[in-house]
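Participant: Below is a structure I'd like to ask you about.
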Amino acid sequence: MALSSHLQMVLVLILAFCSIWGSLAYERPKARETISVPLDDDADGLTPQQVHVSIVGSDKMRVTWITDDDAPSTVEYGTSSGQYPYSATGSSSTYSYLLYRSGHIHDVVIGPLNPNTVYYYRCSSNPAREFSLKTPPLNLPLKFAVIGDLGQTGWTESTLQHLAAWSHDMLLLPGDLSYADYAQKSWDSFGRLVEPLASSRPWMVTQGNHEIEKLPLMTSFKAYNARWRMPYDVSSSDSNLYYSFDVAGGVIHVLMLGSYADFGPGSSQYNWLQSDLAKIDRARTPWVVALIHAPWYNTNEDHQGEGEEMRQAMEESLYGARVDVVFAGHVHAYERFTRVYDNKKDDCAPVHITIGDGGNKEGLAKDYMEPQPDISLFREASFGHGRFEVMNETHARWTWHRNDDDEAVVGDQVWLTTLASNPACNKKK
């Protein structure tokens, strides 16, 4: 009996040591200073800046940039550096926000473009800066980078550096881009910060709460809508706050939903979603992915229940359509759930993933509910980014990369199978 008690005490000490050692082995990163990216020293009022691209339909791209002074809204492009046999013309606009007046925001759609091809281009016929972009492939595999709550801090820089080192095809961002929070010059800084990546691969974004920027007598989302126009009209949406698009020849359908646009039954977004989902043919489109900002499932103490109203309004629709994955942001941490519907495990429901850890200025959300619910499979408060690689029509690999001492370290990884390939789920419908 004494020996048994002694052994129990030894085991307790060993377990306690392992727990302490584990916590010491990985220390949660601290927040880093907010950064501001100025205009290049050699730039003038006609220099294109804040260049970013997004897809429009199956074979076109929107090029958006800003010039301080009025300049032609033209893009010249071709498949060889310095040679631009094609050109397209668009339009420009400006907006005012209190005492701030934006530069000229240019919007030009180029194409038709060949898939999986590098194009070189210049904006406003300005010879000082040449950019290049790569169009997404027509066939699988296709690689998505996924980051939320990006901001403008030292951790943001680290995340962008990790993404630059990975050859991805497209970036998905579920809201909270610049964290300008009414300070409009921070939108300009953000555009310069992300330009090296956003000008070379399509960035597809949806809004977060930090994009609202509502003031009396002023409309919400003024800067966001002016600077980050998405192809909402191509998917028959009436708002830049929610839309959808296809990639890889229609094999993947992506829903970009608006957590801060009306979403209840009878609303424009709700009606649009029903129409959009009804058009999906899962025999042709085996993968369906959705992005929201406020997560519907969350075991972190921060932002508890903030996505619940939207979940009650829209979850049944996504479940019925057999959406495979739902990406969210808002909570400044990483969490992956099992397939879940109505707060219970369900093999025919989406996998929910919170990826709100891109590098925001507010720091990490470190406090979780205990004990960990069984629907939550992995959670960690660290900055990082995600990689969603759709390998074929049935399988995809999801990897979360933690920013550990500025190194992109794999923190979580799982293989996913599309629900379209699960006979049991098709029968349930």
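Participant: Once you've got the Cα coordinates, tell me which of K134/K345; K185/K279; K222/K361; K134/K214; K60/K344; K143/K279 are over 30 Å apart.
Facilitator: Table pairs above 30 Å Cα-Cα are K134/K345; K185/K279; K134/K214; K60/K344.
Participant: Whole-Hz Karplus ³J(HN,Hα) for segment 379-390, in order, using 6.51 cos²θ - 1.76 cosθ + 1.60 and θ = phi - 60°, x for Gly and Pro?
Facilitator: Once rounded to whole Hz, the list reads 8, 7, 8, 8, 6, x, 8, x, 10, 10, 10, 7.
Participant: Please name which of A88, H104, G266 has its Cα lying farthest along the dipole of the chain towards the positive end, using unit charges on Cβ (Lys, Arg +1; Asp, Glu -1) and the Cα centre as origin.
Facilitator: The listed residue farthest towards the positive side: G266.
Participant: Work through the residues other than S244 whose Cβ is under 10 Å from its Cβ and net out their charges, Lys, Arg +1 and Asp, Glu -1.
Facilitator: -1
Participant: Can you work out ³J(HN,Hα) from phi for every residue in segment 91-102, in order, using Karplus 6.51 cos²θ - 1.76 cosθ + 1.60 and θ = phi - 60°, giving whole Hz and x for Gly and Pro?
Facilitator: Calculated HN-Hα couplings, in order: 9, 9, 8, 9, 9, 10, 9, 6, 8, 8, 10, 5 Hz.
Participant: Grab the DSSP H runs of the chain that are 4 residues or longer, score each as -39,500 (n - 2.57), total them, divide by all residues and round the 222 nm result to the nearest 500 deg cm²/dmol. Could you put the intermediate results ahead of the total?
Facilitator: Values: 7 runs with 85 residues, N = 429.
The helix contribution divided over the chain gives -6000 deg cm²/dmol.
Participant: Once phi is turned into θ = phi - 60°, what whole-Hz ³J(HN,Hα) does the Karplus curve with 6.51, -1.76 and 1.60 give for every residue of segment 146-163, x standing for Gly and Pro?
Facilitator: Once rounded to whole Hz, the list reads 10, 9, x, 6, 6, x, 9, 10, x, 5, 4, 4, 4, 4, 5, 5, 5, 5.
Participant: Which of rounded, prolate, oblate describes segment 129-260, given a ≥ b ≥ c as roots of the alpha-carbon gyration tensor eigenvalues and a/c under 1.5 marking rounded, otherwise prolate only if a/b is larger than b/c?
Facilitator: Values: a/c = 2.00, a/b = 1.22, b/c = 1.65.
Oblate.
Participant: Tally up the carbon and sulfur contribution to the accessible surface of segment 302-391 as a whole percent, 1.4 Å probe, everything protein left in place.
Facilitator: On the way: 1300 of 3140 Å².
Answer for segment 302-391 is 41 percent, counting heavy atoms of protein chains only.
Participant: Taking Cα atoms, how many degrees apart are the long axis of helix 308-320 and the longest axis of the chain, rounded to 10 and kept between 0 and 90?
Facilitator: Roughly 90 degrees, rounded to the nearest 10.
Participant: Next question, about the same structure. If amide H atoms are built 1.01 Å from N in the plane of the peptide, which residues on other chains or at least 5 residues away come under 5 Å of the amide H of T206?
Facilitator: L173, G175
Participant: Quick one: which residues, 5+ away or cross-chain, put their amide H under 5 Å from the amide H of L377? H built at 1.01 Å from N.
Facilitator: R336, F337, T338
Participant: By average Cβ neighbour count within 10 Å, what is the ranking of 284-293, 335-344 from highest down?
Facilitator: Taking the mean over residues of other Cβ atoms within 10 Å, the ranking is 284-293, 335-344.
Participant: Shifting gears a bit: Skip the ligands, DNA and RNA, and give the accessible area per residue of the chain with a 1.4 Å probe, whole Å².
Facilitator: 43 Å²
Participant: Taking only Cα atoms, what is the 0 to 90° angle, nearest 10, from helix 185-198's long axis to the longest principal axis of the chain?
Facilitator: 80 degrees
Participant: Taking all protein chains in place and a 1.4 Å probe, what share, in percent, of the accessible surface of segment 54-105 do carbon and sulfur account for?
Facilitator: 45 percent
Participant: In addition: Quick one: dipole size for the chain, taken about the Cα centre, charges +1 on Lys/Arg Cβ and -1 on Asp/Glu Cβ, in debye to the nearest 20.
Facilitator: Computed charge dipole of the chain: roughly 1060 debye.
Participant: In addition: If I take R0 = 56 Å and measure r between the Cβ atoms of K345 and S93 in this structure, what FRET efficiency does the formula 1/(1 + (r/R0)^6) give, to the nearest 0.05?
Facilitator: Working: r = 48 Å, r/R0 = 0.86.
After rounding to 0.05, the efficiency reads 0.70.
Participant: May I ask for the angle, rounded to the nearest 10°, between helix 2-25 and the longest principal axis of the chain, with both axes built from Cα atoms and the value confined to 0 to 90°?
Facilitator: So the inclination is approximately 10 degrees.
Participant: Among 225-231, 145-151, how do they line up from the highest to the lowest mean number of other beta-carbon atoms within 10 Å?
Facilitator: Highest to lowest by the protection proxy: 145-151, 225-231.
Participant: Follow-up. Mind jotting down the three principal axis lengths of the chain based on Cα atoms? Whole angstrom, largest first.
Facilitator: 88, 52, 48
Participant: Please tell me the relative contact order of segment 64-154 in percent, rounded to the nearest whole number, where contacts are Cα pairs under 8 Å and at least six residues apart. Mind dumping the intermediate values first?
Facilitator: Numbers: 154 pairs, mean separation 25.6, N = 91.
Averaging sequence separation for qualifying contacts and normalising by length gives 28 percent for segment 64-154.
The values are calculated or read from the model by the stated rules, or taken from the named source; none is laboratory data. Computed from a prediction, not measured in an experiment: that's the story for all the values here. Glycine also receives a Cβ, built like all others from the backbone with ideal geometry; neighbour counts cover every protein chain displayed. Side chains included, ligands, DNA and RNA excluded: accessible areas come from the protein's heavy atoms. Shrake-Rupley method; radii C 1.70, N 1.55, O 1.52, S 1.80 Å.
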